[in-house]
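Below: one structure, written as structure tokens.
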Amino acid sequence: MIGAMLAAFEPPTTKDFVWGCWGPSLKIAGAEFCVNFIIFLVLFGFVLFVAFFYFGLRRANVVPGKLQSMAELGIQFVRENIAFPMLGPDADHWMPLLATLFFAIFFWNIFEVVPGINFAPTSRLAFPLVMAIVAWVTFNVVGIKKHGPIGYLKHVMFPPGAPAFLYILLVPIEFITQILVRPITLSVRLTANFLAGHFLLAVFFVGTIAMLQGGWIAIFAPFSFAISILLVGFEIFVSVLQAFIFAILTASYIGGAVAEEH
């Protein structure tokens, strides 16, 4: 019976993250470009994100309906918990970017727990990396605009209050951590969470099905299923949390780049 259960159990692998092309493809410099399941989810999530705010706010009423209330609460959440704490008076200027990052990431993340989809496109590094590069370009450009190229590098690499001899160590460390590593950490953090989440959900749900086919071992299936449901709730929480972390770190980096000299 155990053998039958093991035979029925197909563990998730990295092949879960590789999808073939839907229709024709285009090769440019050895790279293949096409529409597949992951690209579809990215486009579908973006359409849902735009549609949510379009239909929620296109005819705003003094007494809001349910969809308008949800859209307004979402914007208020980003404004009061991300933009203002990190950027102060400049918060409204950056709201389009921060709200877009937060809600786009959330809509893509939540696909992880949608029945029939069960896959978050943010678990593929390319998409979080593109958003991280957008954030990286933004905070560096505004920092250079604020302080000038030399002033910005000085602002970033020479933390105030340190003894002069320590700058031999601090300058390269600050350059690497403040300039080079930030887009990597932003993207890897988001990808790793949903890569791990996909494997966890797959293991427990597929394991539950395998146990139900394994004779007496089926007595453990309810426990596996209960853990699966708990993990779904946890993934919903992580979907919001990771969108929040990405947006608030972006706001923090922008705020640090435009901060006045110490």
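Quick notes on this structure:
- The Cβ shell under 13 Å around F106 holds other residues with a net charge of -2, Lys and Arg each +1, Asp and Glu each -1.
- Cut-off 20 Å, label 7 Å out along Cα→Cβ of K145, residues of the stretch 155-188 by amide N: 155-156, 179, 183
- Dipole moment magnitude, nearest 20 debye, the chain about Cα centre, only Lys, Arg, Asp, Glu C-beta charged: 340
- Split the accessible area of the stretch 47-189 by element, probe 1.4 Å, and carbon with sulfur accounts for 73%.
- Contact order, relative form, for the chain: 28 percent (alpha carbon pairs under 8 Å, 6 or more residues apart, mean separation divided by residue count).
- Taking each DSSP H run with n ≥ 4 as -39500 (n - 2.57) and averaging over every residue of the chain yields -22500 deg cm²/dmol at 222 nm.
- With Cα atoms, 0 to 90° folded angle of helix 182-212 axis to the chain main axis: 10
- Difference of contour (0.36 nm per residue) and Cα-Cα distance, L200 to V188: 2.5 nm
- Residue with peak Gaussian network fluctuation, the chain [Cα springs, cutoff 10 Å], from A202, A132, A243: A202
- Gyration tensor verdict on the stretch 94-241 (Cα atoms; rounded if a/c is under 1.5, prolate if a/b is larger than b/c, oblate otherwise): prolate
- When the Cα positions of G65, F77, N193 are compared along the charge dipole of the chain, G65 comes out farthest toward the positive end, with charges on each C-beta of Lys, Arg, Asp and Glu.
- Near A120, the amide H atoms lying under 5 Å from its own belong to E112; only residues 5 or more places off or on other chains count, and H is placed 1.01 Å from N.
- Peptide ranges 52-64, 115-127, 138-150, 18-30 listed from the most packed, as the mean C-beta count within 10 angstrom indicates: 115-127, 138-150, 52-64, 18-30
- ³J(HN,Hα) computed for each position of the stretch 71-87 - Karplus, 6.51 cos²θ - 1.76 cosθ + 1.60, integer Hz, glycine/proline x: 5, 5, 5, x, 5, 4, 4, 5, 5, 8, 10, 10, 5, 5, x, 8, 10
- For the stretch 177-262, the list of GluC sites (Glu not before Pro) that fall in a loop by DSSP and count at most 15 other C-beta atoms within 10 angstrom reads E260, E261.
- Pair V63, L43: separation of 7 Å Cα→Cβ label points (nm): 4.2
- Rolling a 1.4 Å probe over the protein heavy atoms gives the stretch 155-262 an accessible area of 52 Å² per residue.
The values are calculated or read from the model by the stated rules, or taken from the named source; none is laboratory data. Bear in mind that the values here come from a model prediction, so they are computed numbers and not experimental data. In this analysis, Cβ positions are derived from the backbone assuming ideal geometry, glycine residues included, and neighbour counts consider all displayed protein chains. Only protein heavy atoms, including side chains, enter the accessible area calculation; ligands, DNA and RNA are left aside. Shrake-Rupley method; radii C 1.70, N 1.55, O 1.52, S 1.80 Å.
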